[in-house]
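In what follows, a single structure is set out as structure tokens and then discussed.
The values are calculated or read from the model by the stated rules, or taken from the named source; none is laboratory data. Keep in mind that what you see is a predicted model, and the values were worked out from it rather than measured. FYI the Cβ positions are ideal-geometry reconstructions off the backbone, even for glycines, and counts take in every protein chain you see. Each accessible area value is taken on the protein alone, full model and side chains, heavy atoms only, with ligands, DNA and RNA left out. Shrake-Rupley method; radii C 1.70, N 1.55, O 1.52, S 1.80 Å.
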Amino acid sequence: MNDPTAWTLVDEGWGRRAVDFATLSEPGNCREYVAVHQHLGVGDGDRLLDIACGAGLALELASVRGADVAGIDASARLVAVARDRSPDADIRVGDMHDLPWDDASFDVVTSFRGVWGTTPLALQEIHRVLKSGGRVGLTVWGHIKNSPGAWALAPFRLAAPPKVDNQRNMVALGRPGVGEELLEKFGFTEVRRVTVPFAWEFADPAVYARALASTGPAYEAIQNVGDEAFAEAAIETAKERLRAGLPLRASIDVVGYLARKEA
Ligand SMILES: C[S@@+](CC[C@H](N)C(=O)[O-])C[C@H]1O[C@@H](n2cnc3c(N)ncnc32)[C@H](O)[C@@H]1O
């Protein structure tokens with residue numbers, strides 16, 4: 001983001017249905033949280049920061065593993081849920097490009113689909129707040145062609161063309177070599193790419209449509225076509241994926257980047 005105040009508008013899209021996001025959407029991301037925490041060896045004695053922490057489920061799970069957790073998100077209404085879930089954690093409303101913590105404060109920094117191709121300077125801040133030898137784990141959407149569940153993201157394309165272009169630029173960070181090069185540019189070492197398990201599951205098309213509508217990119221689509229048309233399109237897409245006796249399931253390719261700040 002070039003405009004330093006742009007982050008203050010994020011809550012409009014991400015916060016307006018914070019309870020739906022926390023209960024219907026975010027829990028579906030749990031596989032990636034578990035996998036990245038496992039890769040990073042998160043545990044007792046780690047001071048961990050989660051950037052763009054959303055409603056704070058990843059934080060809560062890191063704390064179950066023994067970490068002392070902190071988080072930041074631009075959406076005040078998502079942060080309210082995160083604080084409700086983890087009352088003892090240090091969770092702030094703010095911008096990932098200007099982290100309100102001192103240099104070398106954390107052993108581990110994570111961000112789950114929070115840092116994008118459009119927000120590369122957040123990596124500079126991550127590097128600053130990590131202790132030397134500290135670990136970082138980031139995830140981003142991978143390739144649509146490797147995603148049998150790509151259908152579940154399709155309604156986002158109902159946004160106006162410039163917003164769809166921006167969504168495309170965001171996910172560019174998942175392309176081969178792109179994240180690796182960026183992490184190295186900001187001084188990280190031992191950069192590794194891993195495949196991260198990711199599958200959303202929904203009880204039925206209406207639940208799927210409601211869950212999807214709670215997200216930021218859905219807000220961009222809804223601004224363009226309205227609530228009703230968005231819900232109709234999402235339900236129609238999901239109906240084609242129904243399977244008798246099984247949940248709607250969308251497996252999506254997610255790339256994980258693991259790295260270290262040099263010791
Ligand atoms: C795709 S969601 C990921 C949320 C959470 N990490 C998860 O796993 O569900 C992106 C998050 O980034 C937050 N966000 C967007 N811009 C931000 C910024 N400049 N600083 C901090 N958070 C931001 C949004 O409020 C939203 O919670």
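The alpha carbons of region 72-193 stretch over 40, 36, 25 Å along the principal axes, in descending order. Would you calculate the separation in nanometres between label points at Glu232 and Asp98, each defined as 7 Å from the Cα along the Cα-to-beta-carbon direction? In this crude spin-label approximation the distance works out to 4.3 nm. Looking at the chain, the accessible area is 45 square angstrom per residue; that uses a 1.4 Å probe and ignores ligands, DNA and RNA. Here region 6-261 has 52 percent of its accessible surface on carbon and sulfur atoms, given a 1.4 Å probe and all protein chains in place. Relative to the current alpha-carbon distance between Arg31 and Ala154, full extension at 0.36 nm per residue lengthens the span by 42.1 nm. Summing charges over all other residues whose Cβ lies under 11 Å from the Cβ of Gly56, with Lys and Arg as +1 and Asp and Glu as -1, gives -3.
With a Förster radius of 22 Å applied to the C-beta separation of Glu12 and Val207, the computed FRET efficiency comes to 0.40. By the equivalent-ellipsoid construction on the alpha carbon gyration tensor, region 117-251 comes out with semi-axes of 33, 18, 12 Å, ordered largest to smallest. With both labels modelled 7 Å from their Cα along Cα-to-Cβ, the Val19 to Leu246 distance reads 3.4 nm. When Ile144, Ile235, Ile126 are compared by accessible area of protein heavy atoms, the largest-first order is Ile144, Ile235, Ile126, using a 1.4 Å probe.
Note on region 6-261: Lys pairs 8 or more places apart or on different chains, Cα atoms under 27 Å apart, count 6. In whole angstrom, note down how far apart the Cα centers of region 12-53 and region 189-249 are. The distance from the Cα centre of region 12-53 to that of region 189-249 comes to 17 Å.
Each principal axis of the Cα cloud of the chain was taken in turn, and the coordinate range along them, longest first, works out to 52, 39, 38 Å. Its DSSP H runs of at least 4 residues, each contributing -39,500 (n - 2.57), put the calculated 222 nm mean residue ellipticity of the chain at -10000 deg cm²/dmol, to the nearest 500. Let a ≥ b ≥ c be the square roots of the eigenvalues of the Cα gyration tensor of region 1-54; is it rounded (a/c under 1.5), or, if not, prolate (a/b larger than b/c) or oblate? Taking the square roots of the gyration eigenvalues as a ≥ b ≥ c, region 1-54 is oblate.
Backbone amide hydrogens, once placed in the peptide plane, bring Arg16 within less than 5 Å of nothing, excluding anything fewer than 5 places away on its chain.
Please arrange Lys261, Lys145 by accessible surface area, largest first, computed with a 1.4 Å probe and ligands excluded. Write out the running numbers ahead of the final one.
Values: Lys261 30, Lys145 170 Å².
So, going from the largest accessible area down, we get Lys145, Lys261.
The amide H of Gly71, built 1.01 Å from its N in the peptide plane, has Asp50, Asp90, Ile91, Arg92 as neighbours under 5 Å, considering only residues 5 or more places off or on other chains.
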